[in-house]
Each structure stands twice: as structure tokens, then as C-alpha cells.
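Here the structure comes first, spelled out in C-alpha cells, and everything after it is commentary.
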Amino acid sequence: QVQLVESGGGLVQPGGSLRLSCAASGSIRSISSMAWYRQAPGNERELVAAEASGGSANYADSVKGRFAISRDNAKNTVYLQMNNLKPEDTAVYYCYANIRIGPLAITTTYWGQGTQVTVSS
């Protein structure tokens, strides 16, 4: 069994910052890729930030220049640094990972439980 445990959400004022964490645990052979999604009530879940080849990352236009994704492989943890937060960033943020598990290293998709980020005065 593999679990993704998220933390770091909360209530912040516009212009503030938060750092989300997502720690993977369990029978992990390796992590292929990790990403962050978010979903506001009534909206579809959207991709916010995703790891890309060569150590680069892809970001939604709405967060580009403000958010940064990073990973600590030693801790099996991915982070999302969020700066200059805006009210439209309010959503539940979900960690996503493709992880190779078991003796055959089968790639399996996992989602975190979600963490609420609220940006309001």
C-alpha cells in the first residue's frame, strides 16, 4: 500500500505565501513523476504544476511565476511553494504521483487526500 499525505494548507491573506508538502510512503520502488492539481467547488480539477523531463516543470498560466514545484527524493516528498497568493487560488489542492510498486515495479497512480487553501481578507 502507498499513501500520499498532504499538509501545509490554510487561510492566508492575498499576497501571502504557503508551502504545501506531499509525502509518499509504502512499498515504493521509485517515483516516476509527481504533480499538483486543484479543484474549486463547481469546477473541474485542473493541473497546477507538473514535473517535466530534464528537471524542468510545467505550470498553469494562472500560477506561472508565483508557484514552484520541487521534490526531495531522499524523503519521497514533493513540495509546492505558493507566493503572492490571490483569491482565485482558493481551492482544494491534491498531490498526484505515478509510483512504481511491488516486485515487478508496476506503475500505479495515487492521489493525496487534498488540503484546503483559502485566500481571503
Test for Ala24: is it in contact (Cβ under 8 Å) with a residue 40 or more places away in the chain and farther than 14 Å from Val117 by Cα: yes
Any strands (runs of 3 or more DSSP E) falling wholly within the range 62-121 and containing at least 3 residues that are within 17 Å of Leu47 (Cβ to Cβ): 67-72, 77-82, 91-101, 106-111
Qualifying residue in the range 39-55 (condition: over 16 Å from Gly112 (Cα atoms), among the acidic types (Asp, Glu) and surrounded by 12 or more Cβ atoms within 10 Å (Cβ to Cβ)): yes
Selection status of Ala68, modelled with pLDDT of 95 or more, surrounded by 15 or more Cβ atoms within 10 Å (Cβ to Cβ) and either within 17 Å of Val2 (Cα to Cα) or of a type in the set (S, T, N, Q) (or both): no
Which listed residue, of Leu80, Leu85, is aliphatic (A, V, I, L, M), open to solvent by less than 80 Å² (accessible area, probe 1.4 Å) and within 10 Å of Cys22 (Cα to Cα): Leu80
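Here is a yes/no grid of residues against (1) modelled with pLDDT of 95 or more; (2) over 15 Å from the mean Cα position of the chain (by Cα); (3) assigned to a strand (DSSP E or B):
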site: Glu6; (1), (2), (3): yes, no, yes
site: Gly15; (1), (2), (3): yes, yes, no
site: Ala23; (1), (2), (3): yes, no, yes
site: Ser30; (1), (2), (3): no, yes, yes
site: Ala35; (1), (2), (3): yes, no, yes
site: Gly42; (1), (2), (3): no, yes, no
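The values are calculated or read from the model by the stated rules, or taken from the named source; none is laboratory data. All values reported here derive from a predicted model rather than from experimental measurement. Neighbour counts are summed over all protein chains in view; Cβ atoms, including those assigned to glycine, are modelled from backbone coordinates with ideal geometry. Side chains are part of the model used for accessible areas, which takes the heavy atoms of the whole protein and leaves out ligands, DNA and RNA. Shrake-Rupley method; radii C 1.70, N 1.55, O 1.52, S 1.80 Å.
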